[in-house]
Amino acid sequence: MIDSLVRQYLERSQLFLGVGLESVGHLFERIGERTLERGEHLLEPGAANEHLYLILDGELRVYLNDGDLPEHAVLGEGDCVGEMSLLDGQTASALVLAARDTRLLAVPHDVVWSLVDCSHGVARNLLAIITGRVRNSNQALVAMQARSLEFEEAGRVDALTGIHNRRWLLDAFPRAMARCERDESPLCLVIADIDLFRSFNDRFGHLAGDAVLRRMAHRLADGLRAQDLIARYGGEEFVILLPQASLEDALPIAERLRELVAIGSGLQTGEGVTLSCGVARMLPGEVLDGLISRADAALRRAKAGGRDRVEVAP
């Protein structure tokens, strides 16, 4: 039997908001009370549920998987829980546990439907509760996807220079190469490497070396066309993909990059920093590893030929 104090709680609950309790009072006789101790589970994923629970006092927390993950929702006095599994006839999809000692009203499945039949107000409120749950779930999903994209993007960007890293390169470059081959358009790849960078680090320290790498990355990126792709390949080495570029197009671009880096890249040290480049044109059917290998061979010739120069793969 529902006492007067519980009736006061019901009048403030979401389910009975704006509903005259006299019209449905005869159904309250079948509503029972339940008490949960802190940490006790009310619902578990995959478990059957036959009740709608109204919170009289205390606090419940909802977890979409298990209690080790952040809570999806926090419910308090006046809230209800269990409505989704109750209405669709499925098992519970979330873990619901008591964050502290909690007192509940347990409304049986058939009583819920009798309340809906007897009162348009209860039906309207129940629909509003479910709509709110769906909206909150959608917002949580959007936020989760946004965080996932942020983490994914962070994993594809070089933390020091701010440009893309080798992981991104290994995904993006083959796709760009495939498009150019499909369109029968030329493509070239450039490997750019700072000359004597280890010696620079030894003389001026790694902080100065890091500053040079950041400046190098920005100068290279600023010197490219809109369609070109650049990534830090590792250490002081950068790889640049030039879609829709023949060797006649790629050589002036590589020379311009070399000149851009040589102008003032030594920062406060007063030391000039130079760049050597190897350029290779994509051959029919060539894969990324082969293209990089040929460009790297051209880079080694540039180093052996005196550095601060551009060499082309045969």
### Query
Relative to the longest principal axis of the chain, what angle (0 to 90°, nearest 10) does the C-alpha long axis of helix 166-182 take?
70 degrees
#### Entry: Rounded tilt (10° steps) of 206-222 against the dominant C-alpha axis of the chain
90 degrees
### Task
Let me know the shape class of region 166-312, please: from the alpha-carbon gyration tensor, a ≥ b ≥ c as square roots of the eigenvalues, rounded when a/c is under 1.5, otherwise prolate if a/b is greater than b/c, or oblate.
prolate
### Task
Please build a GNM for the chain, connecting alpha carbons under 10 Å apart, and tell me which residue among Arg294, Arg124, Arg258 fluctuates the most.
Arg124
### Summary
Placing +1 on each Lys and Arg Cβ and -1 on each Asp and Glu Cβ in the chain, then taking the dipole about the Cα centre, the residue among Met282, Ile129, Leu21 whose Cα reaches farthest towards the positive end is Met282
### Message
From the phi angles alone, apply the Karplus equation (6.51, -1.76, 1.60; θ = phi - 60°) to region 101-114 and give each ³J(HN,Hα) in whole Hz, x where the residue is Gly or Pro.
### Response
3, 9, 10, 10, 9, 9, 9, x, 3, 5, 5, 4, 5, 5
### Query
Against the longest principal axis of the chain, how steep is helix 247-262, in degrees 0 to 90 to the nearest 10, with axes from Cα atoms?
90 degrees
## Note on the structure
A correct Karplus calculation of ³J(HN,Hα) over region 304-314, with 6.51 cos²θ - 1.76 cosθ + 1.60, θ = phi - 60°, whole Hz and x for Gly and Pro, returns 5, x, x, 6, 6, 7, 10, 10, 10, 5, x
### Query
Between Leu43 and residues 5 or more places away or on another chain, which pairs have amide H atoms under 5 Å apart, with H built 1.01 Å from N, and which residues are they?
Val96
### Task
List Arg281, Arg100, Arg182 from most exposed to least, where exposure is judged by having the fewest other Cβ atoms within 10 Å.
Arg182, Arg100, Arg281
### Query
Quick one: putting +1 on the C-beta of Lys and Arg, -1 on the C-beta of Asp and Glu, what dipole do you get for the chain around its Cα centre, in Debye to the nearest 20?
1340 debye
### Message
Give me the Å³ per residue figure for the convex hull around the C-alpha atoms of the chain.
### Response
208 Å³
### Query
Karplus couplings for region 18-28 from phi (6.51 cos²θ - 1.76 cosθ + 1.60, θ = phi - 60°), rounded to Hz, Gly and Pro as x?
x, 9, x, 5, 4, 6, 10, x, 5, 8, 5
#### Entry: Assigned charges on the beta-carbon of Lys, Arg, Asp, Glu; region 7-123 dipole about Cα centre (debye)
200 debye
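The numbers here are math on the coordinates, done by the rules we state, and not lab data. Computed from a prediction, not measured in an experiment: that's the story for all the values here. Here Cβ is always computed from backbone atoms with ideal geometry, including for glycine, and neighbour counts include all displayed protein chains.
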